Amino acid sequence: MTPGELKQKTQDIPVDLVEQEDDDVEDEEDAVAEGEVANGGEKKKKKKKKSKKKKAGGATLVGPGGIKQTDPPRIGLSKFYPDGVYPEGEVQEYKNDNAWRTTSEEKRYDERMAMEDPEQTYQSIRRAAQVHRLVRQHARKTIKPGMSMIEIVENIENGTRALVEENGFESGVGFPTGVSLNHCAAHYTPNAGDTTILQNGDVLKVDFGVHVKGRIVDSAFTMTWEPTYDNLVQAAKDATNTGVREAGIDVRLGELGGLIQEAMESYEVVIGTTTYPVKCIENLTGHTIGLYQIHGGHSGKSVPIVKSHDQTKMEEGEYFAIETFGSTGRGKVVESGDCSHYAKVVDAPHVPLRLNTAKQLLKSINKHFGTLPFCRRYLDRVGESKYLLALNNLVAQGLVQDYPPLCDVRGSMTAQFEHTILLRPTVKEVVSRGEDY
């Protein structure tokens with residue numbers, strides 16, 4: 001957002017991002033006010049700190065009438081943006097042969113038309129992105145070793161539902177919150193009864209999504225409390241930022257994968273006296289995101305994170321999740337462990353079901369999730385019980401796809417970062433960018 005646009009926005013709606021008070025400065029000022037006495041015997045007046053405006057992601061949100069976001073965040077985002085105009089993500093101009101798009105009147109017209117079309121408007125995406133930033137801001141501040149995985153995911157999902165003002169298929173959680181640990185790279189969320197506790201030496205990947213009218217924002221980050229793995233975390237962050245920076249209209253996916261791989265594999269991790277190269281997990285990729293479909297449907301594209309001969313190009317208007325995974329292991333994952341993630345198969349053929357329980361469960365899935373991914377905890381939440389036989393039957397019949405945890409070799413560590421980008425006609429918008437990553 002340009003300074004002029006920001007000024008106009010704050011004139012129209014009193015929505016400010018107010019910087020948190022610095023406790024050390026406050027303590028110092030209190031000491032001056034209470035302990036120092038002026039020549040006339042009067043206390044010096046305490047100077048009042050002016051609050052500063054700050055970008056989303058590192059500040060307290062203040063809306064019309066002085067309404068402030070709670071901690072944890074539970075006030076719906078529309079209360080702070082009553083005109084329905086949400087913060088723009090990070091804008092990056094196209095490079096090389098597409099640099100002309102930034103100033104093209106034709107492309108600016110195309111963009112205005114997209115903004116005016118209720119089916120294509122960017123505001124749904126930006127609303128979901130702002131929810132993601134605020135929810136993860138609180139999560140990154142509060143997640144600590146000793147917490148249960150159930151506690152971590154419920155805090156994130158409760159915040160998402162509250163801020164996006166969950167309303168059926170209008171808005172809600174985009175997919176189950178992934179909290180994969182250590183050698184497990186993706187697709188782990190706790191099922192009911194899971195007693196796993198976060199440990200000091202763990203490497204935690206937090207991957208969650210928010211949707212508004214089926215427009216899903218997909219973004220992930222990694223946390224660790226063991227400095228040994230800082231380079232691994234930085235490698236994944238750098239690789240994702242490289243992918244985001246180099247992505248664009250007409251970019252070939254195979255070449256983009258090579259740039260990501262080069263960034264990732266420039267890092268190494270020293271554990272004890274052994275040095276481990278950081279490897280890209282070659283069989284995990286980024287992806288396009290479709291309407292109510294996290295992996296872009298049958299016509300979706302994959303964004304490799306290793307060099308390949310894929311000549312497929314990114315195109316104008318496409319919507320991508322750029323995600324990278326680094327590992328100290330073999331750099332390849334396999335399915336392992338109890339499944340928690342599921343999704344209805346898009347355009348699945350009609351299959352006659354013999355189990356009445358499977359028929360009823362399919363109706364419930366259609367009603368509550370459609371083609372959005374779900375997990376067993378979500379089935380519990382909508383009142384389903386004793387459904388495992390029926391669920392497995394739907395998987396066996398090809399109506400529901402299961403997504404078991406994806407793991408590298410036990411003893412290795414994995415890290416992930418992810419951003420959602422929109423290839424607008426004039427510029428690339430990194431919609432999930434925040435001050436944190």
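The values are calculated or read from the model by the stated rules, or taken from the named source; none is laboratory data. These numbers were taken from a predicted model, which means no experiment stands behind them. Cβ atoms come from the backbone with ideal geometry, glycine included; neighbour counts cover every protein chain shown. Side chains are part of the model used for accessible areas, which takes the heavy atoms of the whole protein and leaves out ligands, DNA and RNA. Shrake-Rupley method; radii C 1.70, N 1.55, O 1.52, S 1.80 Å.
Let's see how each residue does on (1) farther than 30 Å from Val269 by Cβ; (2) open to solvent by 30 Å² or more (accessible area, probe 1.4 Å):
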residue: Gly290; (1), (2): yes, no
residue: Ser308; (1), (2): no, yes
residue: Lys313; (1), (2): yes, yes
residue: Val333; (1), (2): no, no
residue: Val351; (1), (2): yes, yes
residue: Gln360; (1), (2): yes, yes
Per the filter on the range 362-387, residues in a helix (DSSP H, G or I) and crowded, with 19+ Cβ neighbours inside 10 Å are Leu362, Ile365, Arg376, Arg377, Tyr378, Leu379
Selected residue (only one of Glu418, Glu435, Glu384 is under 30 Å from Asp238 (Cβ atoms) and outside the structural domain of Ala99 (by the TED database)): Glu435
Gly329 passes all but one of (1) open to solvent by 20 Å² or more (accessible area, probe 1.4 Å); (2) of a type outside the set (D, E, K, R); (3) assigned to a loop (DSSP other than H, G, I, E, B); (4) touching a residue at least 12 places away in the same chain (Cβ under 8 Å); which number fails? (1)
So which residues in the range 223-235 are of a type outside the set (Phe, Trp, Tyr), within 18 Å of Lys279 (Cβ to Cβ) and open to solvent by 10 Å² or more (accessible area, probe 1.4 Å)? Thr224, Thr228, Asp230, Asn231, Val233, Gln234
Selected residue (criterion: surrounded by the most Cβ atoms within 10 Å (Cβ to Cβ)) from residues of the range 191-211 that are over 14 Å from Arg133 (Cβ atoms) and either within 18 Å of the chain's Cα centre (by Cα) or small (Gly, Ala, Ser) (or both): His211
Report, by residue number, each residue of the range 234-253 that is in contact with a helix residue (DSSP H, G or I) (Cβ under 8 Å, 6 or more places away or on another chain) and assigned to a loop (DSSP other than H, G, I, E, B). Ala247, Gly248, Ile249, Asp250
Report yes if Lys279 is open to solvent by 20 Å² or more (accessible area, probe 1.4 Å), in contact with a strand residue (DSSP E or B) (Cβ under 7 Å, 6 or more places away or on another chain) and on the phi < 0 side of the Ramachandran plot, otherwise no. yes
Any residue in the range 81-95 that is over 21 Å from the mean Cα position of the chain (by Cα) and of a type in the set (A, V, I, L, M, F, W, C)? no
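Just wondering, is there one or more residues in the range 388-406 that are in a loop (DSSP other than H, G, I, E, B) and over 30 Å from Thr357 (Cβ atoms)? Walk me through it before giving the result.
Pass one, the range 388-406, residues in a loop (DSSP other than H, G, I, E, B): 397-399, 404-405.
With over 30 Å from Thr357 (Cβ atoms) added as a condition, the list becomes none.
Scanning the range 388-406 turns up no residue that is in a loop (DSSP other than H, G, I, E, B) and over 30 Å from Thr357 (Cβ atoms).
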Could you grab the pairs with beta carbons closer than 9 Å, sequence gap of 6+ or different chains, first residue in the range 178-190 and without any contact (Cβ under 8 Å) to a residue 40 or more places away in the chain, second one open to solvent by 30 Å² or more (accessible area, probe 1.4 Å) and not in a strand (DSSP E or B)? Val179/Tyr188; Val179/Thr196; Leu181/Tyr188; Leu181/Thr196; Leu181/Gln199
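From the list Gly248, Gly297, Gly243, Gly290, pick out the single residue that is modelled with pLDDT of 95 or more and in contact with a Ser or Thr (Cβ under 9 Å, 6 or more places away or on another chain).
Numbers: Gly248 fails: in contact with a Ser or Thr (Cβ under 9 Å, 6 or more places away or on another chain); Gly297 fails: modelled with pLDDT of 95 or more; Gly290 fails: modelled with pLDDT of 95 or more.
Only one candidate passes the filter, namely Gly243.
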Cβ-Cβ under 8 Å pairs, at least 6 apart or on other chains, the range 106-127 side at pLDDT 90 or above, far side aromatic (Phe, Trp, Tyr): Gln123/Tyr86; Ile125/Tyr319; Arg126/Tyr86; Arg127/Tyr81; Arg127/Tyr86
Condition broken by Asp83, with the remaining ones in (1) out of contact with any strand residue (DSSP E or B) (no Cβ under 8 Å at 6 or more places or on another chain); (2) surrounded by 15 or more Cβ atoms within 10 Å (Cβ to Cβ); (3) more than 23 Å from Lys428 (Cβ to Cβ); (4) of a type outside the set (S, T, N, Q) satisfied: (2)
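Residues are listed down the side, and each one gets a yes or a no for (1) open to solvent by less than 10 Å² (accessible area, probe 1.4 Å); (2) on the phi < 0 side of the Ramachandran plot; (3) part of a loop (DSSP other than H, G, I, E, B):
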site: Ala129; (1), (2), (3): yes, yes, no
site: Gly146; (1), (2), (3): no, no, yes
site: Ile150; (1), (2), (3): no, yes, no
site: Ala162; (1), (2), (3): no, yes, no
site: Phe169; (1), (2), (3): no, yes, yes
site: Ser180; (1), (2), (3): yes, yes, no
site: Ala185; (1), (2), (3): yes, yes, no
